[in-house]
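Asks: Let me begin by handing over the structure; questions about it come next.
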Amino acid sequence: MKLLLKGLCPNCRGDITDGRLSRGTLCSRCLRRPITDPEKIRLELEEKGLLEEYGLILNLNRGLKEISELFKKAVGSRPSSIQEVWIRRALLGESFSIIAPTGIGKTLTGLMLSIYFSMKGKRCYLIFPTALLVQQVKARAEELMEKLEVKIPLAYYH
């Protein structure tokens, strides 16, 4: 017997069966036949004029992938799971504060997000509590941009 899950279609927030959801497709209202390729799903939904939440999910995943590639190129590894949570929240445009112990990657995540958003034409402001930290972060930003082979003008005050 199939389970009908209320309000869990990733696109329309309608009802979806457990089988469709576990295969990574959408409800029967959004797609008559199950499709699992994300880009084919997007095209099908756009043709029908039914693209809703699924577009946001794809854009979020694309942004996370792009930032992960920047991390890999700049620091040699992908972001940690907690850094991915912060990245997702930033990509969704949420306003939030990061409270975590020293060494978890708060500053690096902020720098990488700033570089990413700056590459997309947005302005970013980072505020630090001491002049020494401003100088250290500026140097780190320049190092990361050099590894990424990007030039973003920096303005800083201490």
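The values are calculated or read from the model by the stated rules, or taken from the named source; none is laboratory data. What you are looking at is a predicted structure, and each value in this text was computed from that prediction instead of being measured. All Cβ positions, glycine included, derive from the backbone under ideal geometry; neighbour counts span all protein chains shown. Surface areas here come from the heavy atoms of the whole protein model, side chains and all, with no ligands, DNA or RNA. Shrake-Rupley method; radii C 1.70, N 1.55, O 1.52, S 1.80 Å.
Asks: Taking R89, is it surrounded by fewer than 16 Cβ atoms within 10 Å (Cβ to Cβ), in a loop (DSSP other than H, G, I, E, B) and among the basic types (K, R)?
Replies: no
Asks: Mind checking which residues of the range 25-49 are touching a residue at least 12 places away in the same chain (Cβ under 8 Å), open to solvent by less than 40 Å² (accessible area, probe 1.4 Å) and out of contact with any strand residue (DSSP E or B) (no Cβ under 8 Å at 6 or more places or on another chain)?
Replies: Those that are touching a residue at least 12 places away in the same chain (Cβ under 8 Å), open to solvent by less than 40 Å² (accessible area, probe 1.4 Å) and out of contact with any strand residue (DSSP E or B) (no Cβ under 8 Å at 6 or more places or on another chain): T25, C30, L31, I41, R42, L45.
Asks: Taking the stated definitions as given, is S114 of a type in the set (S, T, Y), closer than 30 Å to T25 by Cβ and surrounded by 13 or more Cβ atoms within 10 Å (Cβ to Cβ)?
Replies: In short, no.
Residues checked against (1) surrounded by 13 or more Cβ atoms within 10 Å (Cβ to Cβ); (2) of a type outside the set (V, I, T); (3) free of Cβ contacts under 8 Å to residues at least 12 places away in the same chain:
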| site | (1), (2), (3) |
| --- | --- |
| V75 | yes, no, no |
| F128 | yes, yes, yes |
| E146 | no, yes, yes |
| E149 | no, yes, yes |
| I152 | yes, no, no |
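Asks: Within the set of pairs 6+ apart or on separate chains, which have a first residue in the range 82-94 that is without any contact (Cβ under 8 Å) to a residue 12 or more places away in the chain, a second that is surrounded by fewer than 20 Cβ atoms within 10 Å (Cβ to Cβ) and not in a helix (DSSP H, G or I), and C-beta atoms under 6 Å apart?
Replies: R89/F96
Asks: Return the total of residues in the range 3-24 being among the polar types (S, T, N, Q) and either closer than 22 Å to N59 by Cβ or surrounded by 13 or more Cβ atoms within 10 Å (Cβ to Cβ) (or both).
Replies: Summing the residues that are among the polar types (S, T, N, Q) and either closer than 22 Å to N59 by Cβ or surrounded by 13 or more Cβ atoms within 10 Å (Cβ to Cβ) (or both) in the range 3-24 gives 2.
Asks: What residue, of S28, S68, S22, is under 28 Å from K122 (Cβ atoms) and out of contact with any helix residue (DSSP H, G or I) (no Cβ under 6 Å at 6 or more places or on another chain)?
Replies: Sole residue among the options that is under 28 Å from K122 (Cβ atoms) and out of contact with any helix residue (DSSP H, G or I) (no Cβ under 6 Å at 6 or more places or on another chain): S68.
Okay, residues lined up against (1) of a type outside the set (G, A, S); (2) assigned to a loop (DSSP other than H, G, I, E, B); (3) closer than 27 Å to E149 by Cβ:
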{"residue": "G19", "(1), (2), (3)": "no, no, no"}
{"residue": "T25", "(1), (2), (3)": "yes, yes, no"}
{"residue": "T36", "(1), (2), (3)": "yes, yes, no"}
{"residue": "K40", "(1), (2), (3)": "yes, no, no"}
{"residue": "E44", "(1), (2), (3)": "yes, no, no"}
{"residue": "L51", "(1), (2), (3)": "yes, yes, no"}
{"residue": "K65", "(1), (2), (3)": "yes, no, yes"}
{"residue": "K72", "(1), (2), (3)": "yes, no, yes"}
{"residue": "I98", "(1), (2), (3)": "yes, yes, no"}
